[in-house]
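Below is one structure, written out as structure tokens, with a few remarks after it.
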Amino acid sequence: MVRQLRTADGPAVRALHDGLPERDTYLRFFTLRPARLPQFVDRLVSDVARRAAIGAFVDDRLVGVASYEVAANSVTADIALVVERRMQTNGIGTTLLQDLVSLAQAAGLRRFTADVLTENTAMLRILSDCGLPRTVTRAGSVTHVVVELDTARIDL
């Protein structure tokens with residue numbers, strides 16, 4: 001089941017991030033020890049004015065999170081996605097992205113941006129396979145992806 005995250009989901013979001021292997025933490029945050037993770041989680045589940053966050057649940061256990069944060073006075077949002085290691089390659093990331101696109105389109109957003117470590121081939125593949133027009137720019141170890149959301153449907 002995928003649904004929007006609520007303040008009450010904070011502990012589950014924190015547990016998901018705390019339980020990530022070092023490599024997955026690095027791929028998600030570009031560091032092994034994200035600064036102020038508790039504050040990040042609080043903002044993620046409570047600040048709904050400029051962001052949206054959804055979670056994938058299996059047997060009531062949170063196994064993945066996708067979110068976007070809207071740039072100030074913009075129709076563009078930065079996205080992030082994380083899926084628990086043992087649940088990866090089961091289509092959860094794809095489903096989360098599909099639902100996040102639907103939320104963003106309903107909110108009138110026109111594009112997503114993502115800065116992804118170039119070695120994070122799984123995330124780059126999800127963004128590539130979504131079927132929406134995209135622009136990819138590589139700068140050193142980071143790949144910047146812009147996904148256009150003006151397309152009426154998504155083919156995931």
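The values are calculated or read from the model by the stated rules, or taken from the named source; none is laboratory data. Predicted model only: the values in this text are computed from it and were never measured. Neighbour counts are summed over all protein chains in view; Cβ atoms, including those assigned to glycine, are modelled from backbone coordinates with ideal geometry.
Scanning the stretch 112-136 for residues that are among the hydroxyl-bearing types (Ser, Thr, Tyr), under 15 Å from ASP78 (Cα atoms) and touching a Ser or Thr at 6+ places or on another chain (Cβ under 7 Å) returns a single hit, THR113.
Filtering the stretch 106-129 to residues that are closer than 20 Å to ARG51 by Cβ and surrounded by 13 or more Cβ atoms within 10 Å (Cβ to Cβ) leaves ALA107, LEU109, ARG110, ARG111, PHE112, THR113, ALA114, ASP115, VAL116, MET123, ILE126, LEU127. Looking across ALA71, ALA139, ALA122, ALA66, one residue alone is hydrophobic (A, V, I, L, M, F, W, C), touching an Asp or Glu at 6+ places or on another chain (Cβ under 8 Å) and at pLDDT below 95. It is ALA71. Checked against (1) in contact (Cβ under 8 Å) with a residue 24 or more places away in the chain; (2) of a type in the set (A, V, I, L, M, F, W, C); (3) not in a loop (DSSP other than H, G, I, E, B), LEU124 passes all but a single condition, namely (1). For the stretch 1-103, the helices (runs of 4 or more DSSP H) that sit wholly inside it and include 1 or more residues that are out of contact with any strand residue (DSSP E or B) (no Cβ under 6 Å at 6 or more places or on another chain), in contact (Cβ under 8 Å) with a residue 60 or more places away in the chain and within 23 Å of VAL142 (Cα to Cα) are 10-18, 22-29.
Within the stretch 71-80, the set of residues being surrounded by fewer than 23 Cβ atoms within 10 Å (Cβ to Cβ) and in contact with a helix residue (DSSP H, G or I) (Cβ under 9 Å, 6 or more places away or on another chain) comprises just one member, ALA80.
GLY55 falls short on exactly one of the conditions (1) modelled with pLDDT of 95 or more; (2) of a type outside the set (A, V, I, L, M, F, W, C); (3) exposed (fewer than 15 other Cβ atoms within 10 Å of the Cβ), and that condition is (3). Scanning the stretch 81-95 for residues that are crowded, with 17+ Cβ neighbours inside 10 Å and aliphatic (A, V, I, L, M) gives LEU81, VAL82, VAL83, ILE92.
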